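Enquirer: The structure that follows is given in the form of structure tokens.
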Amino acid sequence: MEQILDSTPGAGSPSPRKAPKHLNSSGLRIEYAEGKGRGVYACREISAQTLIEVSPVLLFTVEEYEAHGRHTVLDHYTFKWRDGRMALALGLGSLFNHSQRPNVSYTLDSASESIRYTTSRRILPDEELCIFYGHKLWFDPVDATDDASAAVVPDESDDGWGGLTGLDEEVEDRDISLWDPCYQLREGNPSENVPEEQLPFTRLKLMPEDEEEEDIDTVRKEHAWAVDLPEPRLAAIMLKWLKQSGFDIPSMAHLKRIRKSDDKMSMILILTHEQPTPPILPESIELPAPYVVTVPKTAALTASSLKLKSSLWPTIYAPRKKFEPEPWSKGKVRWACEAMKEVVKRAQVAGRNGELPIAAYVPLPFDEETRLATQLPEPLSAHDTRASAAHPLRHCIINLVRAAGELRALSTVGSKSPAPHLTPIVDNPPPGSEPPAPLTANQVTEMLSDLPSQSSPEPEPEVRNGAHYLLTSLTLFTTHEPCVMCSMALLHSRVKEVFYLIPMEKTGGCGGITCVPRLEGVNHRYAVNKWKLAGEDVEGWMEKSGLVIDRACDA
């Protein structure tokens with residue numbers, strides 16, 4: 001490792017400086033580089049779209065920072081947070097250097113007051129990991145170029161750190177009309193429902209009006225075994241046990257597993273016609289005896305039937321037949337806005353790296369119960385790699401569904417380490433290196449067989465189209481309307497709903513040339529939602545945002 005003389009004022013005579021050791025699970029190290037100082041480097045090869053760092057931020061009020069912080073060395077490391085406060089990234093966050101050609105993207109997470117850093121392409125061993133600070137820099141970048149892409153934008157607003165908020169701020173400032181409904185809903189009670197006409201998206205009606213049980217006597221019912229949980233912590237333990245016991249079956253997908261009533265928590269186990277005798281509960285947990293409850297046979301299709309059915313047992317709201325839209329709260333709308341901004345950012349990064357600027361993103365579910373049920377450890381994302389992989393089927397949706405399958409497969413073999421990305425989502429290595437060939441099915445099988453097993457492995461149940469099957473109960477956001485092939489892949493993945501930004505009238509499978517989830521005879525239907533462009537010209541907005549593709553292209 002290179003040593004650099006310490007010439008810091010007040011440090012005395014120059015002495016060799018050594019980078020501190022940094023221990024983490026992402027294969028990163030801290031190292032000094034001439035002209036840059038400290039930076040973050042890869043100890044090993046890191047796949048594209050790998051989460052490598054989550055840095056908490058320390059926030060200062062404007063008054064506190066003006067009085068104290070700006071007069072210290074902190075002024076070189078702080079930047080403006082979304083709410084106007086000044087922020088300091090802890091962990092490795094303040095050590096990522098700037099590059100005109102970054103290999104790491106980042107997301108500001110207001111909910112957890114942190115920054116998430118993700119590789120945007122494959123990283124080679126000993127390669128430095130860099131982010132893009134923005135165009136308005138206070139220093140001369142080491143890799144500065146004379147091309148137009150590196151030119152300073154004179155009217156760009158300064159966030160106090162050359163634009164750490166980077167693409168996120170760029171998207172917001174440049175496309176105000178796109179995010180206008182999001183801005184209007186940033187204030188107020190997050191649990192307050194938003195009127196349909198104020199939502200930032202339009203819902204596609206899939207099915208004609210149909211009959212629904214609108215009074216308690218017409219609700220179709222059946223019986224199920226349930227058990228009371230003395231402590232809330234037992235919920236996660238019992239959900240894992242349900243999966244291992246084989247009770248996680250598709251016929252109960254319309255029912256929520258947990259019922260909370262005042263201080264009492266209960267869990268539904270299995271339908272009595274599937275298990276006529278009381279289920280045998282795990283011996284390691286002290287639980288009362290199971291008992292029989294009455295539950296609805298089907299999901300609720302209207303808000304009024306949801307209230308009726310949930311009085312028996314908490315029921316899923318699935319307005320897929322009789323179209324009465326599910327109410328959206330302000331908090332959930334803000335969640336969707338952040339997800340759509342994230343997918344636009346990822347598509348723009350893909351476009352700058354030579355790929356088609358098409359991306360897809362599956363965030364963690366908005367509500368806690370769905371997060372617990374789906375057991376998705378991290379958000380999923382992918383973008384189109386047909387250019388780098390030279391493969392006609394590397395659509396972003398196909399890449400994402402495949403990544404979801406690999407993640408689910410890894411979770412069933414007992415791997416405790418972060419899931420490797422077996423799918424080459426981005427194959428755009430540095431100059432001079434050859435991109436890896438796409439993995440074959442045999443190679444994937446060999447990689448899975450080499451994973452370490454648990455010391456005392458427990459038999460895993462057969463994978464079912466239940467709560468943990470691919471994208472079941474999850475929401476997908478994408479920049480362009482999926483093509484027919486990708487729309488069918490989404491149907492097979494059992495995704496709950498899809499949001500797309502740019503319609504593809506000539507090739508789209510979610511309302512363009514056809515609507516796959518609306519077709520007769522399909523065994524699953526997912527909701528389709530088109531994001532509003534608030535009066536924008538679609539072609540003009542695509543060009544301005546760097547998301548232009550041939551309108552005859554299959555997205």
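Enquirer: Give the long-range amide H neighbours of Trp328: residues separated by 5 or more places, or on another chain, with amide H under 5 Å away, using H modelled in the peptide plane at 1.01 Å from N.
Expert: So Trp328 has HN proximity to Val194.
Enquirer: Next question. I'd like the Karplus ³J(HN,Hα) series for the stretch 113-130: coefficients 6.51, -1.76, 1.60, θ = phi - 60°, whole numbers in Hz, and an x wherever there's a Gly or Pro.
Expert: Working through the residues one at a time gives 6, 8, 10, 9, 10, 10, 5, 9, 7, 5, 10, 8, x, 6, 7, 6, 9, 10 Hz.
Enquirer: Keeping to pairs on different chains or 8 or more places apart, tell me how many lysine pairs in the stretch 198-304 have Cα atoms under 19 Å apart.
Expert: Value for the stretch 198-304: 7.
Enquirer: Each residue of the stretch 512-524 in turn: what ³J(HN,Hα) in whole Hz from Karplus with 6.51, -1.76, 1.60 and θ = phi - 60°, glycine and Pro shown as x?
Expert: Values per residue, Gly and Pro as x: x, 7, 7, 10, 4, x, 9, 5, 5, x, 6, 9, 7 Hz.
Enquirer: Could you give the nm distance between label points at Glu196 and His71, where each point is 7 Å from its Cα heading toward the beta carbon?
Expert: For the pair Glu196/His71, the computed spacing is 5.9 nm.
Enquirer: Between Met265 and Ala552, what is the label-point separation in nm under the 7 Å Cα-to-beta-carbon projection?
Expert: So the label points at Ala552 and Met265 sit 5.8 nm apart.
Enquirer: If I ignore ligands, DNA and RNA and count only protein heavy atoms, how much of Ile52 is accessible to a 1.4 Å probe, in Å² to the nearest 10?
Expert: Using a 1.4 Å probe on the heavy atoms, I get roughly 10 Å².
Enquirer: I'd like the FRET efficiency for His223 and Leu519, computed as 1/(1 + (r/R0)^6) with the beta carbon distance as r and R0 of 60 Å, rounded to 0.05.
Expert: Efficiency computed from Cβ-Cβ geometry: 0.95.
Enquirer: Moving to a separate point now. From the square roots a ≥ b ≥ c of the eigenvalues of the alpha-carbon gyration tensor of the stretch 282-375, which class results: rounded (a/c under 1.5), prolate (a/b over b/c), or oblate?
Expert: Taking the square roots of the gyration eigenvalues as a ≥ b ≥ c, the stretch 282-375 is oblate.
Enquirer: Apply the Karplus parameterisation 6.51 cos²θ - 1.76 cosθ + 1.60, with θ equal to phi minus 60°, to every residue of the stretch 299-313 and state each ³J(HN,Hα) to the nearest whole Hz, in sequence, with x for glycine and proline.
Expert: Coupling constants for the stretch 299-313: 5, 8, 9, 9, 5, 5, 6, 4, 5, 5, 5, 6, 5, 7, 7 Hz.
Enquirer: Under a 5 Å amide H to amide H cut-off, with H placed in plane at 1.01 Å, what residues pair with Val528 once short-range neighbours are removed?
Expert: Leu204, Val498
Enquirer: Taking amide H positions as placed 1.01 Å from N in the peptide plane, with prolines and chain starts having none, which residues 5 or more places from Trp313, or on another chain, fall under 5 Å of its amide H?
Expert: Those qualifying (amide H under 5 Å, at least 5 residues apart or on another chain) number zero.
Enquirer: Right, here's the next one. Hey, how much of the P(r) for the stretch 26-77 falls beyond 12 Å, as a percent of Cα pairs?
Expert: The share of Cα pairs beyond 12 Å in the stretch 26-77 comes to 76 percent.
Enquirer: Moving to a separate point now. For the stretch 195-268 and the stretch 486-555, what is the separation of their Cα centres, given in Å?
Expert: A separation of 29 Å, based on Cα centres.
Enquirer: In the stretch 222-244, which residues have a backbone nitrogen under 20 Å from the label point lying 7 Å from Thr272's Cα in the Cα-to-Cβ direction?
Expert: Only 222-229 fall inside the zone, counting backbone N under 20 Å.
The values are calculated or read from the model by the stated rules, or taken from the named source; none is laboratory data. Because the structure is predicted, anything quoted here is derived from the model rather than measured. We place every Cβ from the backbone using ideal geometry, glycine too, and count neighbours over all the protein chains shown. Quick note on the areas: whole protein, heavy atoms, side chains included, nothing else; ligands and nucleic acids left out. Shrake-Rupley method; radii C 1.70, N 1.55, O 1.52, S 1.80 Å.
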